[in-house]
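The values are calculated or read from the model by the stated rules, or taken from the named source; none is laboratory data. As the structure is a prediction and not an experimental result, all values here were calculated from the model. Here Cβ is always computed from backbone atoms with ideal geometry, including for glycine, and neighbour counts include all displayed protein chains.
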There are 2 protein chains.
Amino acid sequence: MVIKNAAKADGQNRPNVYDANCPTRVILDRIADKWTVLVLTFLEDGPVRFNALRRQIDGISQKMLAQTLRQLERDGLITRTAIATVPVTVEYAITPLGRTLADTIKPLTEWAEHYFGDVQRAQQQYDRAQAG
Amino acid sequence: MVIKNAAKADGQNRPNVYDANCPTRVILDRIADKWTVLVLTFLEDGPVRFNALRRQIDGISQKMLAQTLRQLERDGLITRTAIATVPVTVEYAITPLGRTLADTIKPLTEWAEHYFGDVQRAQQQYDRAQAG
DNA sequence: CGGCATCCGCCCAGATACTG
DNA sequence: CAGTATCTGGGCGGATGCCG
């Protein structure tokens, strides 16, 4: 039983992320994807083509990029536009809904940039304590 | 080459999450963990014991909970306090650093609770379009 | 250029059993 | 109560090859 928020996911009450059957868990799992955050925030500045994304998001494979993009498109967070040139050009753009999410997760990357030093120091201290 | 932010991770310039070698990626990967967000936000309201967390965070296994807690402790985001009772009691509490992160990711769960309906509708529309 | 299909290794997560 | 230890399989993600 969930104490913190007694509301059940199935129906009339408020959704509860701590309930495994709550649909908000799906969203959380999506955000918990390794690449979703990076791809979505990258598209904030304007439409980008597939290979441009591939090059600029360092470390992503074409398979994972394609997978992530398809998922984001399915969620209505980005759009996919194929332009019939030779060779074909495909542009990905963020949707208004996607932008609300991007705005929400942006502070996250800022937190990472601001505090990663503190975290690293904590880790080193922890590791020393374990070793000693 | 990264265009969006020319700064390299190694040294004098600003960190760049789009660079695979950037230490902020480590933070992002941590946040991208399935359970980190839930555990950390849950501890915002005060210290909680192991089995209490296990019961209240629906769907988590004891293995994953232990793993997540150890990781969070190592990152300096939570503390672990063992009280020598019989049987032993262990309380986990959020640190000031952890609280800054919890405050940062909280809007995320709120986004999920607010917009999951829009996402579900988008998914259904997408799936219909694929089927038809 | 922008993918998809296939194969495959490896790690992650669940289940189970045991301990202080 | 609060974990650790071990085994196991399913899936994730990388590499490669092919196509419109």
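Looking at the structure I just gave you, is A:D33 at pLDDT below 90, surrounded by fewer than 15 Cβ atoms within 10 Å (Cβ to Cβ) and either among the charged types (D, E, K, R) or under 14 Å from the mean Cα position of the chain (by Cα) (or both)? Steps first, answer last, please.
Details: at pLDDT below 90: yes; surrounded by fewer than 15 Cβ atoms within 10 Å (Cβ to Cβ): no; either among the charged types (D, E, K, R) or under 14 Å from the mean Cα position of the chain (by Cα) (or both): yes.
Criteria not met by A:D33.
Can you work out which of the residues in the stretch B:45-71 that are surrounded by 15 or more Cβ atoms within 10 Å (Cβ to Cβ) and out of contact with any Phe, Trp or Tyr (no Cβ under 8 Å at 6 or more places or on another chain) is nearest to B:D33 (Cα to Cα)?
If we filter the stretch B:45-71 for residues that are surrounded by 15 or more Cβ atoms within 10 Å (Cβ to Cβ), which is where we start, we get B:48, B:50, B:53-54, B:56-58, B:60, B:64-65, B:68-69, B:71.
Right, trim to out of contact with any Phe, Trp or Tyr (no Cβ under 8 Å at 6 or more places or on another chain) and you get B:54, B:71.
On the way: B:R54: 17, B:Q71: 11 Å.
Checked the stretch B:45-71; the qualifying residue nearest to B:D33 (Cα to Cα) is B:Q71.
For the stretch A:83-97, give me each residue that is within 14 Å of DNA strand D (Cβ to nearest atom) and touching a residue at least 40 places away in the same chain (Cβ under 8 Å). Spell out how you get there, then give the answer.
So in the stretch A:83-97, the residues within 14 Å of DNA strand D (Cβ to nearest atom) come out as A:83-90.
A:T89, A:V90 - these are the residues of the stretch A:83-97 that are within 14 Å of DNA strand D (Cβ to nearest atom) and touching a residue at least 40 places away in the same chain (Cβ under 8 Å).
Which condition number in (1) at pLDDT below 95; (2) hydrophobic (A, V, I, L, M, F, W, C); (3) over 19 Å from B:L108 (Cα atoms) is the one that A:L53 fails?
Exception for A:L53: condition (1).
What number of residues within the stretch A:51-74 satisfy the criterion of being touching a Ser or Thr at 6+ places or on another chain (Cβ under 9 Å) and not polar (S, T, N, Q)?
Qualifying residue count, the stretch A:51-74: 4.
Looking for something in contact with a helix residue (DSSP H, G or I) (Cβ under 6 Å, 6 or more places away or on another chain), within 16 Å of DNA strand D (Cβ to nearest atom) and at the interface with chain B (Cβ under 10 Å from one of its Cβ atoms) - is there at least one such residue anywhere in the stretch A:64-72?
No.
So is B:L53 touching a residue at least 24 places away in the same chain (Cβ under 8 Å), more than 9 Å from chain A (Cβ to nearest Cβ) and under 17 Å from A:R25 (Cβ atoms) or not? So that I can check it myself, show each step before the final result.
Working: touching a residue at least 24 places away in the same chain (Cβ under 8 Å): yes; more than 9 Å from chain A (Cβ to nearest Cβ): yes; under 17 Å from A:R25 (Cβ atoms): yes.
Taking the combined requirement at face value, the residue satisfies it.
Does B:T41 count as at the interface with chain A (Cβ under 7 Å from one of its Cβ atoms), touching a residue at least 40 places away in the same chain (Cβ under 8 Å) and under 16 Å from the mean Cα position of the chain (by Cα)? Even if it seems obvious, please write down each step before you answer.
Numbers: at the interface with chain A (Cβ under 7 Å from one of its Cβ atoms): no; touching a residue at least 40 places away in the same chain (Cβ under 8 Å): yes; under 16 Å from the mean Cα position of the chain (by Cα): yes.
No.
(1) farther than 29 Å from B:A102 by Cβ; (2) touching a residue at least 60 places away in the same chain (Cβ under 8 Å); (3) not β-branched (V, I, T): which one isn't true of A:L108, the others all being true?
Here A:L108 clears every test but (1).
Considering every residue within the stretch A:79-94, establish whether at least one is away from DNA strand C (no atom under 15 Å from the Cβ) and within 11 Å of chain B (Cβ to nearest Cβ).
no
Identify all residues within the stretch B:56-74 that are within 16 Å of DNA strand C (Cβ to nearest atom) and either touching a residue at least 24 places away in the same chain (Cβ under 8 Å) or closer than 20 Å to A:Y126 by Cα (or both); write none if there are none.
Matches in the stretch B:56-74: B:I60, B:M64, B:L65, B:A66, B:Q67, B:T68, B:L69, B:R70, B:Q71, B:L72, B:R74.
Return a yes/no flag: does the stretch A:96-113 have any residue that is away from chain B (no Cβ under 13 Å) and in contact with a strand residue (DSSP E or B) (Cβ under 8 Å, 6 or more places away or on another chain).
Step one: of the stretch A:96-113, the residues away from chain B (no Cβ under 13 Å) are none.
No: zero hits.
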